[in-house]
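Beneath this line is the structure, given in structure tokens, with notes to follow.
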Amino acid sequence: MSLLEIRNLHARVGGHEILKGIDLQVNAGEVHSIMGPNGSGKSTLAQVLSRREAFEVTEGAILFHGKDLLAMKPEEAACEGIFMAFQYPVEIPGVGNAYFVRTALNAIRKYRGLDQLDAMDFLPLYREKMRLLDMDEQFMNRSVNEGFSGGEKKRNEILQMAMLEPSLAILDETDSGLDIDALRIVAQGVNAMRSPDRAMIVVTHYQRLLDYITPDFVHVLVDGRIVRSGGADLALELEEKGYVSIESEARQTAPASA
Amino acid sequence: MAVQTAQLESYLESFTDFVRATAPETPAWLRDLRDTAFARFCEVGFPTTRNEDWRFTNISALARIPFRPARETDRVVAASLASSHLAAWHMENALSRLVFIDGLFVPALSTIGALPQGVVIDSLRNQIAQRPAFVAEHLGRYLDTVRDPFCALNTAFLEDGAFVHVPRGIALERPIHLLFVSTAGPAHTPTMTHPRNLIIAEEEAQAAIFEDYVSFGAEIHAFSNAVTELVARGNSNIEHFLIEREHLQSFNFSTLRIEQARSANVASHSLLAGGALVRNNVHPVLAGEGGECLINGLFIGSGRQHLDNYMLVEHASPHCASRQFYNGILDQHAHGVFHGRIIVHKNAQKTDAKQTNRNLLLADDAQIDTKPQLEIYADDVKCTHGATIGQIEDNALFYLRARGIGEIEARRLLLEAFAGECLGRIKSGPARDYAQAVVEARLFALATPAPSPAGAAETKERNWEEVG
Ligand SMILES: Nc1ncnc2c1ncn2[C@@H]1O[C@H](COP(=O)(O)OP(=O)(O)OP(=O)(O)O)[C@@H](O)[C@H]1O
Ligand SMILES: [Mg+2]
């Protein structure tokens with residue numbers, strides 16, 4: 001059984017059909033990269049997977065660990081093991097970073113029938129992961145993402161991922177806007193999470209991140225459809241030729257569906 | 001508008017009874033004070049919404065009910081209340097705790113504690129008897145009974161309340177807890193109380209004083225109309241708290257009149273969580289140079305609660321700063337009001353006045369009226385005001401849920417964060433903890449979608465049979 005199985009997924013938002021029939025299988029241990037031009041539906045796919053209600057699924061099915069993902073609320077999906085690193089992490093004034101992550105972790109642990117962690121159990125763990133991501137301890141007591149730089153926000157997403165240990169991590173352009181040092185740190189954090197029973201979907205615009213996180217598969221998403229899939233070298237080809245040629249090649253090979 | 005005849009008769013009858021019952025203990029100066037105030041009340045009557053100060057708050061429901069003052073005979077019943085009945089409102093770490101049942105001080109339920117030399121914490125009634133000259137010098141001196149009929153009414157029925165005197169240079173490290181319990185009384189008839197507090201902080205004194213309004217017993221109409229006169233002498237440092245969490249048949253009116261001398265630093269923190277119709281007046285006068293006043297508040301309403309905050313900040317001296325921050329959270333059909341009036345008098349140059357009112361509306365039918373009113377007669381001043389009205393942010397809610405936090409818990413977290421802005425402005429640790437617990441209980445009830453009305457957790461109906 002695959003970890004994630006997406007079948008003929010159609011989704012709309014704000015009255016527009018954005019995803020127009022996505023099929024994708026992800027097995028435990030695999031890293032998939034989804035690339036594609038602006039507005040092609042990458043974030044939409046990520047949001048559907050994390051069950052944002054505004055994204056309405058009109059057709060198709062998603063199985064996660066064999067369960068019907070589309071029947072789940074966002075918090076249920078998270079408790080079942082889905083984690084999305086947001087393309088634009090949200091600032092939440094007044095909610096402390098550490099308190100937030102502990103509340104989330106305890107919600108997930110409760111769902112799975114595990115004990116609650118008090119601050120004493122939690123903090124050493126949290127501190128350790130912060131060090132891994134080269135984050136200053138002062139972030140612990142600051143409000144979630146409030147006043148963080150772009151890079152700090154992205155690191156904070158990976159920190160949350162490291163704490164919540166999902167079985168499927170979806171990284172939505174976690175690399176965008178990062179300088180090379182920050183990119184290395186983030187990639188290192190992600191690589192530390194790679195394991196045989198965890199899968200990742202890495203959404204990106206650029207090949208650059210894939211120099212650090214080598215994907216097993218690359219998929220090209222154009223206008224709500226996966227127009228090509230391949231191995232890691234597809235990313236290099238994309239980098240060279242650009243989306244336009246891939247897109248037109250795809251159109252030539254499948255004119256009926258255009 | 002004059003008081004309607006039927007209302008007048010009810011209040012006149014109450015006043016006549018009251019005067020007769022309290023005659024033996026009433027000095028002439030106090031009799032005059034009451035008489036003048038009652039005459040003023042009769043003259044102006046209850047305000048209507050045509051009055052600009054009452055534009056958003058219709059008090060006709062209150063005016064219709066024939067409230068009677070709690071009397072001596074009721075106190076027998078009050079005395080049968082045990083301290084265990086008050087356990088829910090216990091403040092850890094309080095320096096003193098004064099308990100008032102239906103407006104009257106109950107020594108058996110109160111603890112004054114060991115006080116530093118010269119500090120007086122007592123009932124006003126005792127102090128009127130023991131130190132009439134000192135009390136007479138201050139009582140009613142700062143309050144405007146002409147403009148506000150509720151202040152006139154309070155003064156007419158003035159009998160008891162708290163008296164706090166902190167001498168020069170004394171810092172009280174722990175808060176003073178004043179607990180005002182309104183009950184249905186043995187007769188289960190609508191009762192009115194007019195608590196009157198007098199707080200005098202001499203130069204360089206420091207104190208934190210908590211007024212806490214709660215209900216006990218059956219949910220019968222009750223009208224609490226409190227007035228506090230707070231005198232902050234030069235360089236004193238005072239934190240004042242008001243918590244309103246009575247049951248949903250309660251009318252709670254209160255006026256905090258602050259007189260600030262040179263370089264005095266006063267903070268007023270209000271937390272409105274209960275009551276059906278609540279009016280919270282805060283009226284600081286910055287009378288000495290370099291004074292600083294923080295006016296911080298949070299109001300949380302649901303059901304059909306009406307929570308009205310009326311601020312009147314008077315800058316009467318140069319180089320003073322005032323900061324108003326009020327946050328409102330309104331659900332269901334609740335109606336909130338924030339009326340922030342700032343008057344900068346002619347000589348109050350270099351005034352720095354700021355006002356911010358932020359509101360969260362959790363339901364389509366919830367309503368907020370927010371109105372700044374700046375009257376500036378000096379030319380070198382800085383006055384800013386701003387108001388926002390919003391909802392719980394969908395992005396933030398989704399972010400929390402996407403991390404595994406359930407919807408109710410996520411809403412609660414966001415509401416607590418919004419309320420936390422106000423709690424964060426409280427300096428005194430024990431007072432903040434106490435206020436925070438009240439806020440958390442109230443928000444828990446609000447975030448949890450249940451038919452239970454506001455404040456039910458704290459104001460569970462208890463019967464007199466259980467007590468007696
Ligand atoms: N809430 C919304 N309401 C209406 N349209 C939306 C909404 N969210 C996204 N869209 C539209 O859906 C399309 C796909 O957006 P999506 O964010 O999935 O693209 P993307 O591939 O992630 O693009 P980018 O590379 O810019 O992040 C875009 O045309 C976008 O404008
Ligand atoms: Mg995107």
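The values are calculated or read from the model by the stated rules, or taken from the named source; none is laboratory data. This one's a predicted model, so the numbers in the text were calculated from it and none came from an experiment. Note: ideal-geometry Cβ built from the backbone for every residue, glycine included; neighbour counts use all protein chains shown. Side chains are part of the model used for accessible areas, which takes the heavy atoms of the whole protein and leaves out ligands, DNA and RNA. Shrake-Rupley method; radii C 1.70, N 1.55, O 1.52, S 1.80 Å.
Within the set A:D197, A:D181, the sole residue that is under 23 Å from A:S50 (Cα atoms), away from ligand 2 (no atom under 16 Å from the Cβ) and surrounded by fewer than 19 Cβ atoms within 10 Å (Cβ to Cβ) turns out to be A:D197. Set side by side, the residues A:V31, A:V48 differ, and just one is within 16 Å of ligand 2 (Cβ to nearest atom) and among the hydrophobic types (A, V, I, L, M, F, W, C), which is A:V48. I'm trying to understand the selection: among the residues of the range B:378-411, which are among the basic types (K, R) and either more than 7 Å from chain A (Cβ to nearest Cβ) or on the phi > 0 side of the Ramachandran plot (or both)? Result: B:K382, B:R411. Of the numbered conditions (1) at pLDDT 95 or above; (2) hydroxyl-bearing (S, T, Y); (3) within 16 Å of ligand 2 (Cβ to nearest atom), A:S167 fails exactly one; give the number of that condition. A:S167 satisfies every listed condition except (3). Against the list (1) away from chain B (no Cβ under 11 Å); (2) more than 24 Å from A:E247 (Cβ to Cβ); (3) within 16 Å of ligand 1 (Cβ to nearest atom), the condition A:L69 fails is (3).
Let's see how each residue does on (1) touching a Phe, Trp or Tyr at 6+ places or on another chain (Cβ under 8 Å); (2) at pLDDT below 95; (3) assigned to a helix (DSSP H, G or I):
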{"position": "A:A98", "(1), (2), (3)": "yes, no, yes"}
{"position": "A:N106", "(1), (2), (3)": "no, no, yes"}
{"position": "A:P124", "(1), (2), (3)": "no, no, yes"}
{"position": "A:M135", "(1), (2), (3)": "no, yes, no"}
{"position": "A:Q138", "(1), (2), (3)": "no, yes, yes"}
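Among the residues of the range B:424-441, not one is at the interface with chain A (Cβ under 10 Å from one of its Cβ atoms) and crowded, with 21+ Cβ neighbours inside 10 Å.
The condition of being under 19 Å from the mean Cα position of the chain (by Cα), more than 29 Å from A:L4 (Cβ to Cβ), within 14 Å of chain B (Cβ to nearest Cβ) and among the charged types (D, E, K, R) holds for only one of A:E91, A:E80, that being A:E91. Applying a threshold of 6 Å to beta carbon distances and a minimum spacing of six or more residues, or different chains, the list of pairs starting in the range A:172-190 at a residue that is over 20 Å from A:A46 (Cβ atoms) and ending at one that is in a helix (DSSP H, G or I) reads A:A182/A:G151. So is B:K346 within 23 Å of B:E289 (Cα to Cα), in contact (Cβ under 8 Å) with a residue 24 or more places away in the chain and part of a strand (DSSP E or B) or not? No: the conditions fail for B:K346. Among residues of the range A:25-58 being assigned to a strand (DSSP E or B), open to solvent by 10 Å² or more (accessible area, probe 1.4 Å) and away from ligand 1 (no atom under 13 Å from the Cβ), the one that is nearest to the other protein chains (Cβ to nearest Cβ) is A:V57. In this structure, A:L3 does not satisfy being in contact (Cβ under 8 Å) with a residue 60 or more places away in the chain, over 22 Å from B:D394 (Cα atoms), touching a helix residue (DSSP H, G or I) at 6+ places or on another chain (Cβ under 9 Å) and away from ligand 2 (no atom under 16 Å from the Cβ). For the range A:8-24, the set of residues classified as more than 9 Å from ligand 1 (Cβ to nearest atom), open to solvent by 40 Å² or more (accessible area, probe 1.4 Å) and on the phi > 0 side of the Ramachandran plot consists of A:N8 only.
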